[in-house]
């Protein structure tokens, strides 16, 4: 069984971005990401810290806006509007989740599609669905890179995606279609879930339940990508897939941690450096 090493592959991508950013700097162009964090959510603070570190490594300048929990929606939208208008800012990232009094949808929609490095804006989603160039959502785009760089063929293969969220499930299915895979999306209302999953050459779990997917869902020799991340008691991390059990039947798998997770930030850096080519 092959373990797909997200740490190593994400490092390759960050090194490629670093080269590209250095080449752009030599032409007098600087790449800058604006990162907005509202409130004191500890997990969000860790994610923002990791994004800043990745910016430093790749040579991308980052501007940080850390706003108090009491920030109004109006104040946040005003800041986004200012950043949309600044030529020296290439990407705008608002760390989710936002405090309850702020409408996430309104905030995502306020970011210019040309600076939407998360790939969440409706225009970005539209570009993705019709195959136009635009920013791709970082986690699904990271999964595609993991498969490509691990020499796992996608064209003509049956890919089953478990989960239909706007951030992972739906864009994942669209990106697999771009790779000429045959795609099935499953979700909480799917009947005969195990039987459908067992038909997959590539099984992508984005279901949000710790260790839900065991070997009874997996065809012998299939590739299994685990998008989930959960912290169990005792602080141990696990994914949506029962790694020990599934590794007995899978041909290739991503671990948690060290699989899909590192790819998300690497693809964010790639989006920052690409602008819309």
Collect the residues in segment 179-232 that are surrounded by 16 or more Cβ atoms within 10 Å (Cβ to Cβ) and at positive phi, keeping them in residue-number order. 208, 211
I'd like the residue in segment 247-270 that is over 11 Å from the mean Cα position of the chain (by Cα) and over 16 Å from residue 5 (Cβ atoms) and, out of all such residues, is surrounded by the fewest Cβ atoms within 10 Å (Cβ to Cβ). 248
If I filter segment 250-258 for residues that are farther than 28 Å from residue 53 by Cα, touching a helix residue (DSSP H, G or I) at 6+ places or on another chain (Cβ under 9 Å), modelled with pLDDT of 95 or more and in a loop (DSSP other than H, G, I, E, B), do I get at least one hit? yes
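For residue 19, state whether it is closer than 29 Å to residue 146 by Cα, part of a helix (DSSP H, G or I) and over 21 Å from the mean Cα position of the chain (by Cα). Let's see the steps before the verdict.
On the way: closer than 29 Å to residue 146 by Cα: yes; part of a helix (DSSP H, G or I): yes; over 21 Å from the mean Cα position of the chain (by Cα): yes.
The answer is yes for residue 19.
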How many residues, within segment 15-47, are closer than 30 Å to residue 244 by Cα and not assigned by TED's automatic domain parsing to the domain that holds residue 87? 0
Please determine, by comparing only the residues of segment 87-101 that are within 16 Å of the chain's Cα centre (by Cα) and assigned to a loop (DSSP other than H, G, I, E, B), which one is surrounded by the most Cβ atoms within 10 Å (Cβ to Cβ). 95
Which of the residues that make up segment 22-60 are within 21 Å of the chain's Cα centre (by Cα) and free of Cβ contacts under 8 Å to residues at least 40 places away in the same chain? 42, 43, 45, 46, 49, 52, 53, 56
Enumeration of residues in segment 106-119 that are buried (at least 20 other Cβ atoms within 10 Å of the Cβ), in contact with a strand residue (DSSP E or B) (Cβ under 9 Å, 6 or more places away or on another chain) and either outside any helix (DSSP H, G or I) or modelled with pLDDT under 95 (or both): 111, 116, 117, 118
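Answer with yes or no whether residue 215 is within 24 Å of residue 9 (Cβ to Cβ) and more than 23 Å from the chain's Cα centre (by Cα).
Working: within 24 Å of residue 9 (Cβ to Cβ): no; more than 23 Å from the chain's Cα centre (by Cα): yes.
Considered against the rule, which asks whether it is within 24 Å of residue 9 (Cβ to Cβ) and more than 23 Å from the chain's Cα centre (by Cα), residue 215 comes out as no.
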Odd one out for residue 126 among (1) modelled with pLDDT of 95 or more; (2) farther than 28 Å from residue 252 by Cβ; (3) in a loop (DSSP other than H, G, I, E, B): (3)
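The values are calculated or read from the model by the stated rules, or taken from the named source; none is laboratory data. Please read these numbers as outputs of a predicted model, since none were measured by experiment. Cβ: placed from backbone, ideal geometry, glycine included. Neighbour counts: every protein chain shown.
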